[in-house]
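Below: the structure, in structure tokens.
The values are calculated or read from the model by the stated rules, or taken from the named source; none is laboratory data. All values reported here derive from a predicted model rather than from experimental measurement. Cβ atoms come from the backbone with ideal geometry, glycine included; neighbour counts cover every protein chain shown.
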Amino acid sequence: MANILVLQHSDFGGPGRLGATLRDHGFHLDIRRVDDGSDPFPPDLDNIHGVVSLGGPQSANDSAAWIRQEMHLLRKAHDAGLAVIGVCLGAQLLAKALGGSVERMESPEVGFEPVSLTIPGQTDTLLAGVPWTHHAFQAHQDRIIAPEGAGVLASSERAPVQIFRMGLRTIGFQEHFEADRTLIDAVLGACGDVVEAGGKTIEQVREEAEAHYERFAVIADRMCVNLATLCFGYRDLLHA
């Protein structure tokens, strides 16, 4: 069975709909809680067919040893040609690992905010079926400066790099496309201070969810299926 290494950075930040889609496509998820030392990083990439780095309340600019270890692993997986997916904090770690940077925003971007595909994003197969403008769930205080050579596939007004691609199988998502309703509720419950710093109340974000979640879920599921079939791909299952 093809193994996907999933790096989790909080109690509430699981793989959500992305994890469900990968399992539905026959992949096994090796989920490791790496930020608090609960689970170790693997010593090598043997029997690993892809890496997913999830979100979390930390900053990619923190000096913790596990952050340096994770960036090293992400770079190693990218160099090995594995599928590497970063989400929110994971995308920021991935960007830094590949030579980009991360900077603090004037205030957090939270709630369901419009995201627009760039011209390259409009023609990228990984975003096939994704509307050129859509509302996506956001909860981040930092923004990405893309690595040299990366293709920026989507942006928002306050975060110019919402989705970036480096090579064929390395993709970073600032937006929380993996978020199902359970995960959104968990993020709001754990990150009320970030929501407030972003100029909103939790109730306002819940109202945004009522307005946008149904359509967001359809679009996010399409992204997950695209990743499972085009980025990870069945060749990994056949070679397992």
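Before moving on, here are some points about what is shown:
- Selection count, the stretch 24-43, where residues are within 17 Å of the chain's Cα centre (by Cα) and among the charged types (D, E, K, R): 4
- Within the stretch 103-121, one or more residues are more than 16 Å from the chain's Cα centre (by Cα), in contact (Cβ under 8 Å) with a residue 24 or more places away in the chain and assigned to a helix (DSSP H, G or I).
- Among (1) crowded, with 24+ Cβ neighbours inside 10 Å; (2) closer than 15 Å to Val6 by Cα; (3) not hydroxyl-bearing (Ser, Thr, Tyr), the one test that Leu98 misses: (2)
- Note on the stretch 62-107: residues that are closer than 12 Å to Gln141 by Cα and in contact with a Lys or Arg (Cβ under 9 Å, 6 or more places away or on another chain) amount to 7.
- Candidates Gln92, Gln69, Gln8 - the one that is out of contact with any helix residue (DSSP H, G or I) (no Cβ under 6 Å at 6 or more places or on another chain) and either surrounded by fewer than 18 Cβ atoms within 10 Å (Cβ to Cβ) or not polar (S, T, N, Q) (or both): Gln69
- The stretch 153-240 holds helices (runs of 4 or more DSSP H) entirely within its bounds, and those carrying 2 or more residues that are in contact (Cβ under 8 Å) with a residue 12 or more places away in the chain and farther than 27 Å from Ala128 by Cβ map to 181-190, 192-197, 202-226.
- Gly90 vs. criteria part of a helix (DSSP H, G or I) and either under 16 Å from the mean Cα position of the chain (by Cα) or under 21 Å from Gly16 (Cα atoms) (or both): yes
Residues checked against (1) of a type in the set (Val, Ile, Thr); (2) surrounded by fewer than 20 Cβ atoms within 10 Å (Cβ to Cβ):
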position	(1), (2)
Arg143	no, no
Arg158	no, yes
Gln162	no, no
Gly167	no, yes
Ile171	yes, no
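- Selection of the stretch 47-66 for residues being surrounded by 23 or more Cβ atoms within 10 Å (Cβ to Cβ), among the hydrophobic types (A, V, I, L, M, F, W, C) and either over 22 Å from Leu230 (Cα atoms) or modelled with pLDDT under 95 (or both) yields only Ala60.
- Condition met for Thr125 (farther than 30 Å from Gly199 by Cα, of a type in the set (Ser, Thr, Tyr) and surrounded by 22 or more Cβ atoms within 10 Å (Cβ to Cβ)): no
- Scanning the stretch 23-57 for residues that are in contact with a strand residue (DSSP E or B) (Cβ under 6 Å, 6 or more places away or on another chain) and of a type in the set (A, V, I, L, M, F, W, C) turns up Phe27, Leu29, Ile31, Val34, Ile48, Val51, Val52, Leu54.
- Screening Ala60, Ala136 for residues that are part of a strand (DSSP E or B), within 29 Å of Arg206 (Cβ to Cβ) and in contact (Cβ under 8 Å) with a residue 60 or more places away in the chain leaves exactly one candidate, Ala136.
- Meets criteria (crowded, with 20+ Cβ neighbours inside 10 Å and under 19 Å from Ala190 (Cβ atoms)) for Gly19: yes
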